[in-house]
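As structure tokens, the structure follows; a few thoughts come after it.
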Amino acid sequence: MFSRSARLYDAVYASIRDYPREAAELDRLIQERRPGARTLLDIACGTGAHLEHLTGYEVEGLDLDPEMLGVARERLPNVPLHEGDMADFDLGKRFDAVVCMFSSIGYVRTAERLRSAVSSMARHLEPGGVLVVEPWLSPEVWVDRHVGAVFVDQPELKIARMNVGEREGNLSIFEFEYLVGTPNGLERFNERHELGLFTVEQYLEAFRAAGLEVDHDPEGPMGRGLYIGSV
Ligand SMILES: C[S@@+](CC[C@H](N)C(=O)[O-])C[C@H]1O[C@@H](n2cnc3c(N)ncnc32)[C@H](O)[C@@H]1O
């Protein structure tokens with residue numbers, strides 16, 4: 001997944017996501033449903049960019065990728081960060097809020113693992129706790145062979161990342177081609193990402209099967225929607 005590009009992740013996504021604003025909105029959603037919520041777990045926390053701005057909480061994070069966790073540990077040396085698979089993890093504790101942002105849930109790939117991931121997240125909620133999941137695209141809105149490109153232009157870091165998204169059944173496949181320029185020279189590499197395309201009904205069903213009541217906001221932070229569950 002992101003192992004080769006973890007050190008570039010923040011530069012690539014800086015222009016795409018507004019982490020301070022998203023953290024403030026998460027806080028609003030959580031406090032509305034569970035006033036006084038104090039503990040929070042970020043699933044697929046990546047480089048810790050949301051955690052950094054969730055300053056009102058005692059936070060922890062979990063991610064599958066050791067390279068992403070390495071960047072998060074440099075950013076947040078005092079935050080407990082766990083390596084694990086969101087579809088099957090047990091931290092032996094519960095939180096007032098569990099969040100899983102930026103479509104990371106899509107990486108579970110299959111509907112069976114979607115259910116298992118949502119139920120693992122739900123098992124980490126305190127009674128009355130809140131689960132917020134930002135989904136990946138549903139099959140109806142996926143546009144096949146869309147050309148994606150991101151360009152970073154900093155004084156000592158230039159990145160061009162391109163891909164043509166493809167669909168195989170209910171999997172969306174991205175073969176990202178990176179060209180990276182630094183004072184040390186130019187580097188080229190590619191990375192393959194596979195994300196499951198799940199319907200709104202599959203997400204809702206996964207939340208209900210985990211014993212949660214669920215609201216669906218079709219917009220969310222960047223038009224992909226947001227699911228908000230509570231015990
Ligand atoms: C698009 S990034 C999002 C990172 C972060 N949440 C953000 O908003 O910037 C997706 C993240 O999901 C993680 N990931 C993918 N599959 C995972 C799994 N099965 N369990 C836990 N994390 C996973 C990746 O390592 C990566 O850090």
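The values are calculated or read from the model by the stated rules, or taken from the named source; none is laboratory data. Please read these numbers as outputs of a predicted model, since none were measured by experiment. When we count neighbours, we look across all protein chains shown, and the Cβ atoms used for this are built from the backbone with ideal geometry, even at glycine. Heavy atoms of the whole protein, side chains included, go into the accessibility calculation; ligands, DNA and RNA do not. Shrake-Rupley method; radii C 1.70, N 1.55, O 1.52, S 1.80 Å.
Here, segment 65-159 has an Rg and a Dmax of 16.7, 49 Å when only alpha carbons are counted.
Using 16 Å as the cut-off for backbone N distance, which residues of segment 1-36 belong to the label zone defined by a point 7 Å from the Cα of Ile173 along Cα→Cβ? 1, by backbone N distance to the label point.
For a modelled paramagnetic label at Glu52, 7 Å from Cα along Cα-to-Cβ, the residues of segment 69-87 in reach, with backbone nitrogen under 11 Å, are 72-76. Protein heavy-atom surface of segment 89-185, 1.4 angstrom probe: 52% of the accessible area is carbon and sulfur, with nucleic acids and ligands not counted. Within the chain, antiparallel bridges make up roughly 70 percent of the DSSP beta bridges whose residues both belong there.
Whole-Hz Karplus values for segment 213-224 come out as 7, 9, 10, 10, 9, x, 8, x, x, 9, x, 8 Hz, taken residue by residue from phi with 6.51 cos²θ - 1.76 cosθ + 1.60 and θ = phi - 60°; glycine and proline positions read x. Working from label points 7 Å from Cα in the Cα-to-Cβ sense, the Asp85 to Met222 distance is 2.6 nm. Translational diffusion coefficient of segment 144-231 (Stokes-Einstein, Kirkwood radius from Cα pairs, 10 °C, 1.306 mPa s): 100 µm²/s. Distance between the 7 Å Cα→Cβ label points at Val231 and Arg7: 4.2 nm. Rounded to 0.05, the FRET efficiency of the Arg123 and Leu204 pair, given R0 = 22 Å and the Cβ-Cβ distance, is 0.75. Volume of the convex hull of segment 5-75 (Cα atoms only), normalised per residue: 81 Å³. Solvent exposure of segment 69-178 amounts to 48 Å² per residue of accessible area, where only protein heavy atoms count and the probe is 1.4 Å. Over what distance in Å are the Cα centres of segment 62-110 and segment 1-58 separated? With segment 62-110 and segment 1-58 each reduced to a Cα centre, they are spaced 11 Å. For the chain, the longest principal axis of the C-alpha atoms and the axis of helix 66-75 are separated by about 80°. With angles folded into 0 to 90 degrees, how steeply does helix 200-209 sit against the dominant principal axis of the chain? Use alpha carbons for both and round to 10. So the inclination is approximately 40 degrees. Applying the Kirkwood pairwise sum to the alpha-carbon positions of the chain produces a hydrodynamic radius of 18.2 angstrom.
Helix 19-33 and the longest principal axis of the Cα set of the chain meet at an angle near 10°. Each residue, Glu187 and Ser15, gets one label point 7 Å from its Cα in the Cβ direction; the gap between the two is 2.1 nm.
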